[in-house]
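For reference, the structure is listed below as C-alpha cells.
The values are calculated or read from the model by the stated rules, or taken from the named source; none is laboratory data. Everything numeric in this text was worked out from a predicted model, so none of it was measured. Here the Cβ positions follow ideal geometry from the backbone for every residue, glycine too, while neighbour counts run over all protein chains shown. With ligands, DNA and RNA removed, areas are computed over all heavy atoms of the protein, side chains included. Shrake-Rupley method; radii C 1.70, N 1.55, O 1.52, S 1.80 Å.
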Amino acid sequence: MTAELRFFWARLNANYWFYPALFSLLAAVLATIMVYLDRSGFAEFLNDVEWIVPARPKGAADMLTVMAGSMIGVASTVFSITIAAVAYASGNYGPRLLTNFMEDRGNQISLATFIGSFVYALIVLRAVRAEDETPASTGDAAATALPGFTPQLSLLVAYLLMAVCVAVLVFFLNHIPSSIRINKVLEGIGRRLLDAIRETYPVEDEFSDAIESKGGEPLTAWDTGYVQLIDFEDLEKIARDCGCTFSLMVRTGDFVHRDMPFMRIEGCKPDSIEDKVRDCFTLGATRTPEQDPQFLIDELVEIGLRALSPGINDPFTAITALHWLGAATAEIGRRDLRKDICGEDAEDCPVIPCPDDFEHYVKRGFGSIRSAVATSPIAAEVMLDTLAKASGPIKDERRQKILKAEADNLAAQARTVLVGPDLERFEAHHAEFNREFW
C-alpha cells in the first residue's frame, strides 16, 4: 500500500464526518432489513407477547416523526456544543489542538448516533401504511391482517435506539466539559506521545543513536508542504530491488519545498527511480501526529509557553506540561533510537532515516520551553526536579549528561531574569540538584 493510501485511510477515520456518514449507512441498512422482516411476517410472534402493546399506523407514524425531528434537533445541538468547545480550547490552549478535538471519538460517535437514529426513523416511517391506504402489492397486503401496515419489529428497534440516544446524550454532556479540562487535554497528548515513542522505538535498554547518513546523489522535493507520511516498507523494497542505499534528509513533520534535497541515494542514479520514490512520501499543508512524535512534543511545549505568557500567567498548567515532557523524555532516553524499518535485517537496512538523537528530543522539548520557564520561580524549580526524575530510568551516562547540561542552561537563563529571594531559592535548588543527582 502506498503512502498516499495509508495516509488517506489514517486521516479518513479521523475526520469529523466519517462516523456520522458510516452510522447513517448502517442505519439505512438496518431499517431496510427490519422493514423486510416485518413485511415477510417474521414479527408475528410479537402479537403473542403480552407486555408488548401492538402499535397502530397513526401512533407509529407519530412516534417515528417525533423521533426523527428530535434526533436531528439534538444532532444540531451536539454539533454546536462541539464547535463552541473546540473554539474555546483552540483559543486558550493553541490552534494545533483543533485536530485533537475534531478527532475525539466521543464527539464523533455521539453525533453519529443521533444522525443514524434520524436516518433509521425516516426510512421506517416511509414503510408505515395508514388504515385508509390501499396496499401497494399482494405481499404488502399479506403482511398484516389488520387495515394499514405497522412494522412492529422495526418500531421496537426504534424504541431501543431512542434509549441508546438518551444514554449517549448523557455521556456527551459529561464528556464535553471533561474533555476541555486542561489536565485531561495534557493527559491525552502525553499518553498519545508515550504510545508513539514506544511504537517508533520499540527496543529498550539499548542506547544507540540513529545511523549516520551514507551520502550519495541528492533527490529533490517535487512540491511544497509538510512531510505527513513516509512509506518505509516501500522505500526498502525499492532500495533492495535497485541495489542502492537511501539516506533521508527529512523526517515526518519537516517542511519541504521544490528543489530542496530530501534524500541522498548511493548506488544508483536518482532519475531512474525518482517517480517510485516520490510515491512513498505524502506532502500536505499541515502536520499530523502520524509517524511524528515531535508534533505531540510541540503541542505540550505550546501549552506550556501559552500558560507562562504574561497575559495568562498560569504556571501550574505549565508544570503539568513539564511533567508529561519529563515522562516522554525518560521514555526516549531508555530506548534505541534507531528506527526499526527493516526488522531482522536492520544491520543491512538500505533505508537510513534522518537521525533523531537524544539531544535533539531534549532540545525540542525542554530546550524550547526553557526560556519561558526561567521567568517563573516555581516552574523553574519543577523543571529541575523533572529533569532529575527523567534521568533516573536512563542508564546511559552520555544521555544523563545531556539532561545535566539542560539543567545548567536553565540555571544560566534563570540568573538573567530572577532576582532577590526567588533567585536565591532557585540557586539553592540547583545546588541540591547537582549534589543529589549528579
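About its Cα centre, the stretch 216-374 has a charge dipole of approximately 720 debye under the convention of +1 per Lys or Arg Cβ and -1 per Asp or Glu Cβ, with nothing else charged. Each helix, a run of at least 4 DSSP H residues, gives -39500 (n - 2.57); summed and divided by the residues of the chain, these come to -20000 deg cm²/dmol at 222 nm. Solvent-accessible area of the stretch 310-406 (1.4 angstrom probe, protein heavy atoms only): carbon and sulfur portion equals 48 percent. Between the stretch 273-331 and the stretch 189-245, what is the C-alpha centre distance in whole Å? Distance between centres, Cα-based: 18 Å. Angle check, please: helix 232-242 long axis (alpha carbons) against the longest principal axis of the chain (alpha carbons), in degrees 0 to 90, nearest 10. Helix 232-242 sits roughly 70 degrees off the main axis of the chain. Distances between placed amide hydrogens fall under 5 Å for Ile352 paired with Phe246, Ser247, Leu248, all partners being 5 or more residues away or on another chain. Residues in the chain average 48 Å² of solvent-accessible surface per residue, probe 1.4 Å, ligands and nucleic acids excluded. Surface composition of the stretch 173-253: carbon and sulfur make up 46 percent of the accessible area, probe 1.4 Å. Between amide H atoms placed 1.01 Å from N, distances below 5 Å from Leu229 occur with Thr282, all of them 5 or more places distant or on a separate chain. Among Ala411, Ala285, Ala89, the largest mean-square fluctuation in a Gaussian network model of the chain (Cα springs under 10 Å) belongs to Ala285.
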